[in-house]
Amino acid sequence: MQRPVLRRLTPQSGELMWAGWVLASTVGLAVSFILCGSAASGILGMEIPFALSWPAGVLVYVVASLVGGLLIGVLQHLMLRRHTGRSVWWIPASAVGWGLSGTGWAIAAGPDGLLPLLLAPTAAGVMLGLVTGRALYWIWR
C-alpha cells in the first residue's frame, strides 16, 4: 500500500528508492525481532521463536513491532528527507503503523485465535498500509 503512494510522490526516484524502502523495512523488522526475541529469551525464559501466548508472548510481539516500526521509520526517513522537509514525521507514523499492525496480529492470531491464521497477516497489513499511506500523503501536503 505504500508503493503506489511513493511512486506518485517521488516519480524521479523510481525503483531505486523502492528497493531501499524494502531493505529498510526488512532490516528494521529483523533487528527488532532479534533484539526483542533475545531479550524475551533471557528475561522471560521464553524459547525462540516465541509463541503468541498471553501475556508475555503477545507483549514481546507488540514491543518488537513498535521497535521495528521505529527503526524502519528512522531508516526510511533518511530517504524521505531529500524529498520533503516534513519527513521527520515519518518516524512516529511508522512506529504507530507497525505497532498497531503487530497488536492487531497478536490479538487476531493470539490465544483465542479470533481470526484464522491466514487472515491475521492480511488484517495487520491493511492496518499498516492505511496508517502509513495516510501519513505519507499528509507529509507531502
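The values are calculated or read from the model by the stated rules, or taken from the named source; none is laboratory data. Just so you know, these numbers come straight off a predicted model, no measurement behind them. Using ideal geometry, Cβ is built from the backbone for each residue, glycine included, and neighbour counts are taken over all protein chains shown. The area values use the complete protein model at the heavy-atom level, side chains included, leaving out ligands, DNA and RNA. Shrake-Rupley method; radii C 1.70, N 1.55, O 1.52, S 1.80 Å.
Going through (1) modelled with pLDDT under 75; (2) in contact with a Phe, Trp or Tyr (Cβ under 9 Å, 6 or more places away or on another chain) one by one, Leu80 falls short only on (1).
Being part of a helix (DSSP H, G or I) and under 15 Å from Val27 (Cβ atoms) holds for only one residue in Leu78, Leu59, Leu66, and it is Leu78.
Residue count for region 102-141 under the criterion of being modelled with pLDDT of 80 or more, open to solvent by less than 80 Å² (accessible area, probe 1.4 Å) and more than 14 Å from the chain's Cα centre (by Cα): the result is 3.
Table: residues versus (1) open to solvent by less than 60 Å² (accessible area, probe 1.4 Å); (2) at pLDDT below 90.
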{"site": "Ile43", "(1), (2)": "no, yes"}
{"site": "Glu47", "(1), (2)": "no, yes"}
{"site": "Phe50", "(1), (2)": "yes, yes"}
{"site": "Trp54", "(1), (2)": "no, yes"}
{"site": "Gly57", "(1), (2)": "yes, yes"}
{"site": "Arg86", "(1), (2)": "no, no"}
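Which residue is nearest to the chain's Cα centre (by Cα), if the candidates are limited to region 79-93 and must be in contact (Cβ under 8 Å) with a residue 40 or more places away in the chain and within 20 Å of Trp18 (Cβ to Cβ)? Ranking the qualifying residues of region 79-93, first place goes to Ala93.
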